[in-house]
1. Looking for something of a type in the set (Val, Ile, Thr) and more than 20 Å from Val31 (Cα to Cα) - is there at least one such residue anywhere in segment 87-98?
2. Name every residue in segment 129-170 that is open to solvent by 20 Å² or more (accessible area, probe 1.4 Å) and on the phi > 0 side of the Ramachandran plot, in order of residue number.
3. Can you find, within segment 16-28, the residue that is nearest to Leu51 (Cα to Cα) among those that are assigned to a helix (DSSP H, G or I) and out of contact with any strand residue (DSSP E or B) (no Cβ under 8 Å at 6 or more places or on another chain)?
4. If a residue has to be open to solvent by 60 Å² or more (accessible area, probe 1.4 Å) and either under 17 Å from Glu64 (Cβ atoms) or in contact with a Cys (Cβ under 7 Å, 6 or more places away or on another chain) (or both) to count, how many in segment 8-26 make the cut?
5. Under 8 Å between Cβ atoms, at least 6 apart or on separate chains: pull out the pairs that start in segment 123-147 with a residue that is without any contact (Cβ under 8 Å) to a residue 12 or more places away in the chain and end on any residue that is in a helix (DSSP H, G or I).
6. Among the candidates Ser135, Ser122, Ser102, which residue alone is at pLDDT below 95, out of contact with any His (no Cβ under 9 Å at 6 or more places or on another chain) and small (Gly, Ala, Ser)?
7. Looking for whichever is open to solvent by less than 70 Å² (accessible area, probe 1.4 Å) and of a type in the set (Ser, Thr, Tyr) here; the options are Thr126, Thr76. Which one fits?
8. In segment 39-53, is there at least one residue being surrounded by 21 or more Cβ atoms within 10 Å (Cβ to Cβ) and within 24 Å of Ala150 (Cα to Cα)?
Amino acid sequence: IVFIDELVLYTVCAQCKAWEAQGFQPLRVAVNLSAHTFQQPNLVETITSVLQKTGLDPHFLELEITESIAMENIETTIHKLNKLSELGIQIAIDDFGTGFSSLYYLKKFPIHKLKISQHFVSAIMTDQNDQMIVSSIIALGQSLKLKVVAEGVETENQLIFLKKRQCDEMQGYLFCKPLPADKFQENGRTG
């Protein structure tokens, strides 16, 4: 998995740099890291090497880790996240609300985004508990001056609900299904 994660990271960074060289507006791309990769002692060096090899500005890279990864070895996590953040890389906690995070440590992590799990978003129109959880995560993120991203947005009603609560960003099939790089590039030219 470490090899695959490194290959994905390199491919994403190289593609973003290629688009930039073709005249496209630079964009930030998020890459999920597996638990095994995040625990590697040379993680920061590996990511630094990929950025140097591809020439991608670190500000255009966002790394996503789950709550459970973040909570495995807290002091090491804080150290790694600080180093990555110092490089200019954005850090997001993925699937927020599905793990067992401590709010005490949440404030200590140098993170930039909370990503609300699609498990909560999918039922916000039918489940009052999910409505409360999503609303609370948005309020928590805003209070901590973090961007909040809702995952798995598939309907206009979900979009309206999230906009009313001032969710910063949304992603899901309502906007676009996953695309290979060449199709994404085509869409960038036409839309």
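1. For segment 87-98, residues of a type in the set (Val, Ile, Thr) and more than 20 Å from Val31 (Cα to Cα): absent.
2. Passing the criteria: Lys145, Gln166.
3. Lys17
4. The number of residues fulfilling the criteria is 3.
5. Ala123/Asp130; Asp130/Phe120; Asp130/Val121
6. The conditions single out Ser102.
7. Checking each option against the conditions leaves just Thr76.
8. There is no residue in segment 39-53 that is surrounded by 21 or more Cβ atoms within 10 Å (Cβ to Cβ) and within 24 Å of Ala150 (Cα to Cα).
The values are calculated or read from the model by the stated rules, or taken from the named source; none is laboratory data. These numbers come from a predicted model, not from an experiment. Positions of Cβ are backbone-derived with ideal geometry, glycine not excepted, and every protein chain shown enters the neighbour counts. We work out accessible area using only protein heavy atoms, side chains counted, and drop any ligands, DNA or RNA first. Shrake-Rupley method; radii C 1.70, N 1.55, O 1.52, S 1.80 Å.
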